[in-house]
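Engineer: Questions regarding the structure given below will be posed in turn.
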Amino acid sequence: GICTVLLTAFAYAFDWLPSVFSFSPVVNKPILWVIPALIFAGAIWRFTHAKWKSFTPEGVFFLVIGAFLVGFSEELLVRGIVAGSLFDHGFSLFWVAVLSSAIFGLAHSVNYFNGQDAKTTAGQVVMTTFFGLNFFIAYVISGTLWLPIFLHFIHDLSLFAQGGEINAENKDTQKGEMYIVLALVILPPLGLFLLK
């Protein structure tokens, strides 16, 4: 929460608000709306199979607040400030998508220094890079940072609601989850070529 306030104040001090919350011209490629739809569908899927009984009402409250703060601050930093700075320096839409998503993925490597093992961290860096592309595409097709913030929030909240393991006790549920995740890894690189 403190970091989110500081980041927002930082963006305000440099007069980046509210310009970082909007993108123009909006990329008018209707097929790309499949990506935010899949992120939303994946979150709903996980919500219906979440371990809600494992959480107290206070726990759910803190999950919601935590997921929102993560989604807001990471999107403000990467899709808002970093991507905006890359645009300002003349990078094309394609390269802004690639570079900002790579930065987003690499930022998650700090989890290694928080005690996460190297293999899990490497996998997380790769996955978050792809999800960064998803969030970037949501940003440029909607024209507002609020869509990737919402998608990031609902995606993270649905993961947190799994209680640490994604559907480990139900292989059919896990298989459905993997189809959605696989689509969200395959589609963004294809979507990049529509941004050129």
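Engineer: With the alpha-carbon atoms as the only input, what is the per residue convex hull volume for the range 1-116 in Å³?
Structural biologist: Spread over its residues, the Cα hull of the range 1-116 gives 154 Å³ apiece.
Engineer: How much length is gained if the chain between Trp33 and Leu99 is pulled fully straight, taking 0.36 nm per residue apart and subtracting their Cα-Cα distance, in nm to one decimal? Numbers along the way, then the final one.
Structural biologist: Details: separation 66, 0.36 × 66 = 23.76 nm, distance 2.15 nm.
Gain in length upon complete extension: 21.6 nm.
Engineer: Here is a follow-up. GNM, the chain, Cα, under 10 Å: largest mean-square fluctuation among Ala37, Ala83, Ala13?
Structural biologist: Between Ala37, Ala83, Ala13, it is Ala13 that shows the largest mean-square fluctuation.
Engineer: Classify the range 24-86 as rounded, prolate or oblate, taking a ≥ b ≥ c as the square roots of the eigenvalues of its Cα gyration tensor: rounded when a/c is under 1.5, otherwise prolate if a/b is larger than b/c and oblate if not.
Structural biologist: Oblate is the answer for the range 24-86, as a/c is 1.5 or above yet b/c matches or exceeds a/b.
Engineer: Which net charge results for the neighbourhood of Gly66, defined as the other residues with beta-carbon distances under 13 angstrom from its beta-carbon, given Lys and Arg at +1 and Asp and Glu at -1?
Structural biologist: -3
Engineer: Here is a follow-up. Give me the percent of Cα-Cα pairs in the chain that sit more than 24 Å apart, rounded to a whole number.
Structural biologist: Roughly 40 percent, once rounded to a whole number.
Engineer: Rolling a 1.4 angstrom probe over the protein heavy atoms, how many square angstrom per residue are accessible across the chain? Each step should come with its number before you reach the end.
Structural biologist: Working: 10480 Å² over 196 residues.
In whole numbers, the chain has 53 Å² accessible per residue.
Engineer: Could you tell me the number of lysine pairs in the chain with C-alpha atoms less than 28 Å from each other, where the two lysines are 8 or more residues apart or belong to different chains? Kindly include the intermediate steps, with their values, before the conclusion.
Structural biologist: Working: Lys29/Lys196; Lys51/Lys119; Lys51/Lys171; Lys51/Lys175; Lys53/Lys171; Lys53/Lys175; Lys119/Lys171; Lys119/Lys175.
Taking the chain as the scope, the lysine pair count is 8.
Engineer: A further question follows. Under a crude label model (7 Å from the Cα following the beta-carbon direction), how far is Thr48 from Val5 in nanometres?
Structural biologist: Here the modelled spin labels are 4.0 nm apart.
Engineer: Where Lys and Arg each count +1 and Asp and Glu each count -1, what net charge lies around Phe21 among other residues with Cβ under 15 Å from its Cβ?
Structural biologist: Details: positive: Arg79; negative: Asp15, Glu74, Glu75.
Once positives and negatives cancel, what remains is -2.
Engineer: Let me ask something additional. Phe153: accessible area at probe 1.4 Å, nearest 10 Å²?
Structural biologist: Taking all protein chains as shown, Phe153 has close to 40 Å².
Engineer: Next question. Provide the gained length on full extension for the span Thr144 to Val126, in nm with one decimal, where the gain is 0.36 nm per separating residue minus the Cα-Cα distance.
Structural biologist: Stretched fully, the Thr144-Val126 segment lengthens by 4.0 nm.
Engineer: Keeping the other protein chains in place, figure out the carbon and sulfur percent of the accessible area of the range 31-142, with a 1.4 Å probe. Before the final figure, lay out each step's value.
Structural biologist: Values: 4100 of 5510 Å².
C and S fraction of accessible area: 74 percent.
Engineer: What dipole magnitude, in Debye to the nearest 20, does the chain give about its Cα centre under +1 on Lys/Arg Cβ and -1 on Asp/Glu Cβ?
Structural biologist: About 380 debye.
The values are calculated or read from the model by the stated rules, or taken from the named source; none is laboratory data. Here the structure is a predicted model, which is why all the values come from computation and not from measurement. Counting neighbours? That spans all protein chains shown, and the Cβs are built from the backbone with ideal geometry, glycine included. The accessibility values were calculated without ligands, DNA or RNA, using every heavy atom of the protein model including side chains. Shrake-Rupley method; radii C 1.70, N 1.55, O 1.52, S 1.80 Å.
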